[in-house]
1. Filter region 252-286 for residues that are more than 23 Å from residue 305 (Cβ to Cβ) and in contact with a strand residue (DSSP E or B) (Cβ under 7 Å, 6 or more places away or on another chain); which is most open to solvent (accessible area, probe 1.4 Å)?
2. Scan region 324-346 for residues that are free of Cβ contacts under 8 Å to residues at least 60 places away in the same chain and assigned to a helix (DSSP H, G or I) and jot them down.
3. Scan region 240-259 residue by residue and report those that are aliphatic (A, V, I, L, M), over 15 Å from residue 196 (Cα atoms) and at pLDDT 95 or above.
4. Output the number of the condition that residue 190 fails; it satisfies all remaining conditions of (1) open to solvent by 30 Å² or more (accessible area, probe 1.4 Å); (2) without any contact (Cβ under 8 Å) to a residue 60 or more places away in the chain; (3) of a type in the set (A, V, I, L, M, F, W, C).
5. Taking region 200-210 only, how many residues are part of a loop (DSSP other than H, G, I, E, B) and crowded, with 19+ Cβ neighbours inside 10 Å?
6. Identify all residues within region 306-352 that are farther than 22 Å from residue 52 by Cβ and loosely packed, with under 12 Cβ neighbours inside 10 Å; write none if there are none.
7. Pairs please, first residue from region 109-120 and aromatic (Phe, Trp, Tyr), second anywhere and open to solvent by less than 80 Å² (accessible area, probe 1.4 Å), Cβ atoms under 9 Å, 6+ apart in sequence or on different chains.
8. When only residues in region 46-73 that are touching a Gly at 6+ places or on another chain (Cβ under 9 Å) and farther than 19 Å from residue 288 by Cα count, which is modelled with the highest pLDDT?
Amino acid sequence: MNEQQPHKRRVRYKGTHPRAYHEKYKELNPEKYRDTIEKVIQKGSTPAGMHIPICVKEILEFFQIKPGQSGLDATLGYGGHSQKMLEALQGKGHLCALDIDPIEIVKTRKRLENLGYSDDILTVMSLNFANIDQAAAKYGPFHFLLADLGVSSMQIDNPTRGFSYKNEGPLDLRLNPTSGIPAAQRLKELNTQELEWMFMENSDEPYAKEIARSITGSLRKGLPIETTTQLADIIAQTLSFLPEKDRKEAVKKSCTRVFQALRIDVNSEFEVLDSFLQKLPAVMAPGGRIAILTFHSGEDRLVKKSFKELYRAGIYSDIAKDVIRPSAEECARNTRAKSTKMRWAIKNENFC
């Protein structure tokens, strides 16, 4: 006789709408509660349990995907871009998709499998996109390749991942929480000058020196900086000298920049991107098309520089002369698209 599964009550919360991440049971189940998800998106917000792909129309128009081609999604995430590229393949060809997040990759693989994309057309690999040569050795060369360098909304919104200063959580910031060291530990390893340089180099933080001094000073006194809010509080205290009318917005921007700088450092993002850009030409088929979405000036400079150098060398036959940005309509529907820049390159057909 089968044992009856105990009834699981839904999450209880105060007020008419859930506020905490774990209370948003409908948003965390986007496939089940589609009406709720659409209402959240219509308001210009991103549901807690999903990520809205950016510049899909522009990417597909540039790629000109044809059935039978091979492609690579170097940053799978929630799988929104992958789904649209798979649709364009019309069941013929192959898409390889990479991600290093052991939590989200399982969910996304299952989600795409449920849509009918099996191993014969889709291969999902737990691999850092710095190692695209390993994927290409088996599934390349690629006719089209996308790299979305943004952090997925599922990672940002989940307090347990420690990506946002807006919610209490461990100061982690690792894209792969099973590898490397969390941001809280990284802060203990760096001196004031090293922290200042990191904040300036990775996010152009104007108060880098002051914030770095406050962090190292707090740690010397034995004060903990183990959570997102503890770091945010230190930044707020550091900027208390600013005029009151300017302080709130300045603190918000500095928190955003400091968390970004730490995330870049903890995940070695610039080093990973540099390795990826160097390997790109070798994994592409002649005439292959590359699209990269960037979200801050540091990574955009690296992409722009690489594309220009390889264009001058004749390896790329054409590159984007200007960045492509999401439309005003898309930004209104998805506020997280506002900082996006898209750059593209086409491999010279005379290069193998």
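1. 286
2. The answer is 328, 329, 331.
3. 250, 251
4. Going through the list (1) open to solvent by 30 Å² or more (accessible area, probe 1.4 Å); (2) without any contact (Cβ under 8 Å) to a residue 60 or more places away in the chain; (3) of a type in the set (A, V, I, L, M, F, W, C), residue 190 breaks only (1).
5. The number of residues fulfilling the criteria is 2.
6. Across region 306-352, the qualifying residues are 312, 313, 314, 321, 322, 349, 350, 352.
7. Taking only residues 6 or more apart or on different chains, the pairs are 117/82; 117/83; 117/86; 117/95.
8. 54
The values are calculated or read from the model by the stated rules, or taken from the named source; none is laboratory data. All values derive from a computational prediction rather than experimental measurement. A quick note on method: Cβ atoms are made from the backbone with ideal geometry, for glycine too, and the neighbour counts reach across all protein chains shown. When the accessible area is computed, the model is the full protein with side chains, heavy atoms only, and any ligands, DNA or RNA have been set aside. Shrake-Rupley method; radii C 1.70, N 1.55, O 1.52, S 1.80 Å.
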